[in-house]
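All remarks here apply to the structure that follows.
The values are calculated or read from the model by the stated rules, or taken from the named source; none is laboratory data. Here the structure is a predicted model, which is why all the values come from computation and not from measurement. Heads up, the Cβs are rebuilt from the backbone with ideal geometry, glycines too, and the neighbour counts pull from every protein chain shown.
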Amino acid sequence: MGGFDKIDLDQPETLAHKADVGSKSDDKIMATKRNRKFKFSKKLWIVPAVLVLLLVAIAFPAYGTYKSGLQTYRQAKLIASAMKQQDVALASEEVAKTQKSLKETQKNFHYMIVVKFIPIAGWYYSDVDHALNAAAHGLDTAATVTNSLKPYVDVLGLKGGGSFAGGSAEERIKTAVLTMGKITPQIDQIEQSLSKVQKEVDAINPSHYPEFIFGKNFKEKLVTFRTVVSETASFVHDAKPLAKALPSLLGESEEKKYLVLLQNDKELRATGGFITGYAVFRVDKGVIHLNKSEDIYKLDDSISRKDKAPAPILKYLPKVYVLNLRDSNLSPDFIKSMETFKSMYDRAGLKEDVDGIITIDTSVLVSTIKILDDNVEAGGMKFNTKTDPRCNCPQVIYELENSISRPVNYVKTDRKSIIGDLISAIMVKALSSSPKLYWGPLFQSIIAQANEKHMLFYLYDDAAQQGIEGLNVAGRIKPFDGDYLHINETNFSGAKVNIFMQEMVDSEYEVKGDGSITKTITINYKNPFPPSDCNLERGGLCLNAEYRDWIRIYVPKGSELTDSKGSQVKMTTYEDLGKTVFDGFVTVRPQGVAKLTLTYKLPFKVDGNLLPVLIQKQPGTYDNKYTLSVNGKTKEKFDLLTDKEFKLKVK
């Protein structure tokens, strides 16, 4: 063929040459494959190497974070221990140490920032970071609070030194009040710190976590913690106006006067009890002085023209045809009742200009006397809290009733109220003692009594009243989005039957598949004690008699009553204070029982598994027992000591 040399395929040298060429080509191919395989192996080993380096980079700071975090936790427990000991100075020191330890924990943790960019793991890194930031802001709040309290520990009866240790009790109080204005601005800093805490906590997503971790309901606790932080921040925000107004309220620059009313909870009325006595106190630079103390009947008699009694009094309170001051607290909303009281008080001949009204009930007197070595003398009488067999109640209660209470339809106009004398004697004994002996327990008792609605406040200073209402010590009927219940009872018997009455409330929810709810409230009454001698001629002390109870049950607006049993009159339905009200009347004889049952439909359907519930306590009541059940299963049992808000599992 032209242009090509002929190849003889049969020539051995040609075949050998071809074989040699083929062999060399195969070697090259195999070498190439081996080279390629070796190069791929080198790349493969980079991955575990990086992983090892990453693990080391995380492990060391993780271990450091664990160690410093454990130290921070232990240090934080010392803060709690110091607070339990009421040692403000020690708590301040421990807060500073914990802040230092937390900074070290945060430093070690931030070395692990690479975790933030790893899918899923990054969630948990961010959550921990937010938690540590929240802790830092929380410690800032604690530092501000403890440092602000340091100069006042002596006045508050706490531990830790204090700047006012010298001088009389009155001098200490004056110094405290006069310098208080310098620390009240700290409330702004506290509010800002708590706002930052809330922001960080809200950034933690509970949905990242399973229901249970190590056998504990971690997710639910996290949700609860978020709620607590939010409520605390709101509480401080709402209370801020009161904190700023406090120096003025205590007579820093000019004295203030307050009208103090005793609501006798043993004759229960809408806002806590029958108004039986009053006193006027003036406060000058924190020091309290008694101006006058009188029986409420004298104040009532100084009003020349009175309005006609409202329908409930005409209907249920025998032979009373006008509205008296002592019966003016008819609204369950304390402020509404006090507005009525004030409009009448302003027309009284014995009126004194005051800057607010404070009510207390017998629980305040009993708890205070118990703290003061269970022994106080006033008006030539000795008072203690030991059980008196004549009423199976504290001796102070019996003696007060014996002094100020009267049989039904019988009034002595010349009797002298001992309430002011007793309050004055309590103050004298407390102030003449060492602050470390009584002041701390008394201060804590006042907070507890106010929280349980045995003390209520109506201040004429708008900003201060805003703070009072934020602290929930103004006895307001609250708006609420969810199920609501407030049982309000008025004892129209004239006797002190509430010494003996016992009550249990059962709330049964029937929740249907579509979320609609039918609710049944059952109130069980029991009076296990024999009747008193209520004979007017013999002048008997009428403590226990037939209980004549005007009862109003406040429920969500729009609720529909479908059935009722146990009321002595036909139950009526109307609206008041933004609620639907079921109104009736119940009687209970001594050594007797009674039952009131209401069934009604709630005006909404539940969406999901949890139903928001608010149960508001009536002032002047004690440990009424509540049981809540859903579709026949008991969900909650508690004594109602204060307002209770919670989420009820309904499915």
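Just a few scattered comments:
- Residue match in segment 89-109 (condition: crowded, with 19+ Cβ neighbours inside 10 Å, in contact (Cβ under 8 Å) with a residue 60 or more places away in the chain, in contact with a strand residue (DSSP E or B) (Cβ under 7 Å, 6 or more places away or on another chain) and more than 24 Å from L222 (Cα to Cα)): no
- Residue list for segment 511-568, restricted to those being modelled with pLDDT under 95 and of a type in the set (S, T, Y): S532
- Residue among S507, S493, S516 that alone is in the same structural domain as M571 (by TED's automatic domain parsing) and within 20 Å of P318 (Cβ to Cβ): S493
- The condition of being of a type in the set (G, A, S) and buried (at least 19 other Cβ atoms within 10 Å of the Cβ) holds for only one of A270, A348, A309, that being A270.
- Filter result for V287 (over 25 Å from K453 (Cβ atoms), β-branched (V, I, T) and free of Cβ contacts under 8 Å to residues at least 40 places away in the same chain): no
- Residue list for segment 231-267, filter: of a type in the set (A, V, I, L, M, F, W, C) and within 29 Å of K292 (Cα to Cα): L242, A243, A245, L246, L249, L250, L259, V260, L261, L262
- Contact map, segment 508-519: first residue within 10 Å of L602 (Cα to Cα), second residue loosely packed, with under 15 Cβ neighbours inside 10 Å and of a type in the set (S, T, Y), Cβ cut-off under 8 Å, separation 6 or more or different chains; pairs are T518/T562.
- Selection from segment 520-550 of residues that are part of a strand (DSSP E or B) and crowded, with 20+ Cβ neighbours inside 10 Å: I523, Y525, N527, Y547, R548, D549, W550
- Test: residue in segment 327-349 that is assigned by TED's automatic domain parsing to the domain that holds K308 and under 21 Å from L422 (Cα atoms): no
- The one condition in (1) touching a residue at least 60 places away in the same chain (Cβ under 8 Å); (2) farther than 30 Å from D514 by Cβ; (3) touching a Gly at 6+ places or on another chain (Cβ under 8 Å) that T621 fails to fulfil: (3)
- For the criterion of being part of a helix (DSSP H, G or I) and not assigned by TED's automatic domain parsing to the domain that holds K570, E352 fails.
- Flag if I477 is in a loop (DSSP other than H, G, I, E, B) and touching a residue at least 24 places away in the same chain (Cβ under 8 Å): yes
- Pairing residues of segment 625-637 that are touching a residue at least 12 places away in the same chain (Cβ under 8 Å) and surrounded by 16 or more Cβ atoms within 10 Å (Cβ to Cβ) with residues that are not in a strand (DSSP E or B) and not basic (K, R), at Cβ distances under 6 Å and at least 6 apart in sequence or on separate chains, gives V630/V650.
- Residue within segment 198-211 that is in a helix (DSSP H, G or I), in contact with a helix residue (DSSP H, G or I) (Cβ under 7 Å, 6 or more places away or on another chain), at pLDDT below 80 and within 30 Å of W123 (Cβ to Cβ) present: yes
- Subset of segment 551-576 [surrounded by fewer than 18 Cβ atoms within 10 Å (Cβ to Cβ) and basic (K, R)]: K557, K565, K570
- Qualifying residues in segment 607-631 (those that are in a loop (DSSP other than H, G, I, E, B) and at pLDDT 95 or above) - the one farthest from K478 (Cα to Cα): N631
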